[in-house]
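One structure is given below, encoded as structure tokens.
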Amino acid sequence: MSSQLMVCSGKEQLAQQACDWLLRLIGQCHRESDRCFYLALSGGSTPKRLYELLAELPVGTVDWERVVLIWGDERNVDVASDESNFRMVRESLLDRIKIPEQNVLGVPEPGGSPAAAASNYELLLKKHFSDAMPRFDCVLLGMGDDVHTASLFPETAALEENDRWVIENYVEKLDCWRITLTANCINAAQNVAFLISGQSKQDALQKLWHGPMEPLKYPSQLIQPTAGQLWFLLDQDALGEVAPPANASLINCG
Ligand code: 6PG
């Protein structure tokens, strides 16, 4: 699996480079077709600054009428909860741009039955894609210190789901339910990009790239795009002395 590594000096430059990179992808899609760009957003704290930078772009830089936003995963909490990924994106991005409501595909009614939220989300996505796996233009991902990504946590049932696009996942160590895209759904994307920042991620990167192939233990190892491009957008703190993975092309952002 080849990958593109973009190494930035720090968190702010990471967000800036990720923003420029995403603008290039969106611009290419909009120049080459008349369709919408499908972007699956990551939760967590790392991408928040990226979302803020997208919101701060001069009006017209992004044709939001032709961007559809999806959530790669969601906590099974009300959208008003401070745990909600939807709320984090709403505050950092949605409240500050003009994007058609129908382009914002959040998980329907999280906080109730996790199974219902997951199956309803999958039905919503299937209105936009034929019944083959959806080929999102870009899936943004974070990675936890335990090498989880999206809400694909170690030793959880969702890791072994092969057919569904979206699934509910009970995370015992957090004692909570999550709704997440499955690894197969993520891997169908055209571009899959990990945004990783901070020294605490060095050990997880070492395991991801150089540890034994044990995806039940290291779920980010499941992310291997079927036909798309895998990206790692990192800051130097996250990379540290970890050797890049084999077949990686290194793009140094200074
Ligand atoms: C979530 C995310 C999760 C996150 C990682 C990294 O809902 O929390 O989907 O997978 O991306 O835990 O989180 P940080 O960016 O906060 O380190």
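Where a number appears in this text, it was derived from the coordinates with a stated rule and is not lab data. Values in this document were obtained by computation on a predicted structure and should not be read as measured data. A quick note on method: Cβ atoms are made from the backbone with ideal geometry, for glycine too, and the neighbour counts reach across all protein chains shown.
Computed over the chain, relative contact order equals 27 percent, with contacts defined as Cα pairs under 8 Å that lie 6+ residues apart.
P(r) for the chain, from all Cα pairs and a bin width of 5 Å, is 1, 6, 14, 19, 21, 18, 13, 6, 1, 0 %, short bins first.
The mean sequence distance of close C-alpha pairs (under 8 Å, at least 6 residues apart), as a share of the length of the range 1-139, puts its relative contact order at 24 percent. Remark: C-alpha extents of the range 106-243 on the principal axes read 44, 34, 24 Å, sorted largest to smallest. Mean-square fluctuations from a GNM of the chain, with a 10 angstrom spring cutoff on Cα atoms, peak among LEU93, LEU69, LEU23 at LEU23. Across the options GLY144, ASN76, HIS210, the greatest Cα extent toward the positive end of the charge dipole of the chain (unit charges at beta carbon of Lys, Arg, Asp, Glu) belongs to HIS210. When only the Cβ of Lys, Arg, Asp and Glu is charged (+1, +1, -1, -1), the dipole of the range 51-121 relative to its Cα centre reaches about 140 debye. Going by neighbour counts of Cβ atoms within 10 Å, the residues ARG66, ARG24, ARG31 line up, fewest first, as ARG31, ARG24, ARG66. What you get for the chain, charging only the Cβ of Lys and Arg (+1) and of Asp and Glu (-1), is a dipole of about 560 debye around the Cα centre. Longer than 22 Å from Cα to Cα, which of LYS98/LYS126; LYS173/LYS207; LYS48/LYS126 are they? Say none if no pair is. Table pairs above 22 Å Cα-Cα are LYS98/LYS126; LYS48/LYS126. Available extension along the chain between GLU65 and ASN252 is 64.0 nm, counting 0.36 nm per residue and deducting the alpha carbon span.
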